[in-house]
Amino acid sequence: KNQVEQSPQSLIILEGKNCTLQCNYTVSPFSNLRWYKQDTGRGPVSLTIMTFSENTKSNGRYTATLDADTKQSSLHITASQLSDSASYICVVSAGQAGTALIFGKGTTLSVSS
Amino acid sequence: DVKVTQSSRYLVKRTGEKVFLECVQDMDHENMFWYRQDPGLGLRLIYFSYDVKMKEKGDIPEGYSVSREKKERFSLILESASTNQTSMYLCASSPRDRGHGYTFGSGTRLTVV
């Protein structure tokens with residue numbers, strides 16, 4: 001069964017600190033993996049998208065990694081800001097054209113001052 | 001800037017009412033999707049459409065129908081709203097190759113009383 005598991009479920013950190021969110025997946029055939037940021041009451045916004053051959057991709061203070069062998073991805077946030085408080089969702093595309101999306105349940109990050 | 005626009009941010013409807021949620025995209029995308037998002041359950045696919053007048057059931061289509069009369073517009077219809085349909089509804093669109101360019105709307109928070 002295709003599944004995406006995220007950990008931790010929630011996380012509280014102090015402003016300025018770094019953090020890492022995890023995503024493990026059992027999806028086949030793998031097409032790509034995306035990380036989304038979702039602010040409360042808003043729709044998800046794409047942070048990164050990685051294909052099988054990519055193992056690192058950055059978007060400002062966000063860096064995503066992908067290990068296709070172990071089927072794990074992480075999202076590292078550097079020098080966190082209050083505006084990073086949000087839910088972060090890992091999504092894996094399956095099939096040759098990414099025709100099926102499998103969503104993780106998300107990690108809720110709270111950054112406090 | 002590409003956009004997926006949902007007509008309402010918040011809606012309150014009574015049990016038994018017929019409810020229309022509208023979604024418009026300006027990216028000339030072939031595919032459009034409706035999801036609902038509930039705490040602890042993540043995003044679940046209700047219906048999707050890969051072309052005008054075409055529709056496919058997702059994981060939880062019961063109690064919903066959809067309409068796609070024009071390429072840019074995808075409507076979700078709750079024929080007779082019930083309290084268990086209180087949720088956040090998210091529309092998304094993507095080009096035919098769903099491997100890239102998956103964009104979400106800002107969401108509609110529907111409360112059925």
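The values are calculated or read from the model by the stated rules, or taken from the named source; none is laboratory data. Bear in mind that the values here come from a model prediction, so they are computed numbers and not experimental data. Here the Cβ is made from the backbone with ideal geometry for all residues, glycine too, and neighbour counts use every protein chain on show.
For A:Glu54, which of the numbered conditions (1) within 15 Å of the chain's Cα centre (by Cα); (2) assigned to a strand (DSSP E or B) fails to hold?
A:Glu54 satisfies all of (1) within 15 Å of the chain's Cα centre (by Cα); (2) assigned to a strand (DSSP E or B) except (2).
Select from segment A:64-112 the residues that are modelled with pLDDT of 95 or more, crowded, with 21+ Cβ neighbours inside 10 Å and β-branched (Val, Ile, Thr) and write down the one among them that is nearest to B:Lys57 (Cα to Cα).
It comes out as A:Ile89.
Give segment B:48-65 a look and list any residue that's within 14 Å of chain A (Cβ to nearest Cβ), closer than 27 Å to A:Thr40 by Cβ and not acidic (Asp, Glu), or say none.
B:Phe48, B:Gly58, B:Ile60, listed by residue number.
Listed residues B:Arg68, B:Arg109; which is modelled with pLDDT of 95 or more and either within 9 Å of another protein chain (Cβ to nearest Cβ) or on the phi > 0 side of the Ramachandran plot (or both)?
Details: B:Arg68 fails: either within 9 Å of another protein chain (Cβ to nearest Cβ) or on the phi > 0 side of the Ramachandran plot (or both).
Just one listed residue meets the conditions, B:Arg109.
Restricted to segment B:73-113, and to residues that are within 28 Å of A:Val92 (Cβ to Cβ) and charged (D, E, K, R), which residue is farthest from the chain's Cα centre (by Cα)?
Across segment B:73-113, the extreme among qualifying residues is B:Asp97.
Taking the criterion of being exposed (fewer than 15 other Cβ atoms within 10 Å of the Cβ), farther than 13 Å from B:Leu21 by Cβ, without any contact (Cβ under 8 Å) to a residue 60 or more places away in the chain and away from chain A (no Cβ under 14 Å), would at least one residue in segment B:79-95 satisfy it?
Taking every residue of segment B:79-95 in turn, at least one turns out to be exposed (fewer than 15 other Cβ atoms within 10 Å of the Cβ), farther than 13 Å from B:Leu21 by Cβ, without any contact (Cβ under 8 Å) to a residue 60 or more places away in the chain and away from chain A (no Cβ under 14 Å).
Return the residues of segment B:25-54 that are within 10 Å of the chain's Cα centre (by Cα) and farther than 16 Å from A:Ala100 by Cβ; say none if nothing qualifies.
Within segment B:25-54, B:Arg36 is the sole residue that qualifies.
Can A:Leu21 be described as buried (at least 16 other Cβ atoms within 10 Å of the Cβ) and more than 14 Å from every other protein chain (Cβ to nearest Cβ)?
So A:Leu21 passes the test.
Does any residue of segment A:53-62 turn out to be closer than 21 Å to B:Gly105 by Cβ, among the charged types (D, E, K, R) and without any contact (Cβ under 8 Å) to a residue 60 or more places away in the chain?
Scanning segment A:53-62 turns up no residue that is closer than 21 Å to B:Gly105 by Cβ, among the charged types (D, E, K, R) and without any contact (Cβ under 8 Å) to a residue 60 or more places away in the chain.
State all residues of segment A:57-105 that are away from every other protein chain (no Cβ under 14 Å) and assigned to a loop (DSSP other than H, G, I, E, B); if no residue qualifies, say none. Spell out how you get there, then give the answer.
Keep residues of segment A:57-105 that are away from every other protein chain (no Cβ under 14 Å), which gives A:58-85.
Of everything in segment A:57-105, those that are away from every other protein chain (no Cβ under 14 Å) and assigned to a loop (DSSP other than H, G, I, E, B) turn out to be A:Gly60, A:Arg61, A:Ala68, A:Asp69, A:Thr70, A:Lys71, A:Thr78, A:Ala79, A:Ser80, A:Gln81, A:Ser85.
Report, by residue number, each residue of segment B:1-23 that is closer than 12 Å to B:Ser106 by Cβ, part of a strand (DSSP E or B) and not aromatic (Phe, Trp, Tyr).
Correct list: B:Val4, B:Thr5, B:Gln6, B:Cys23.
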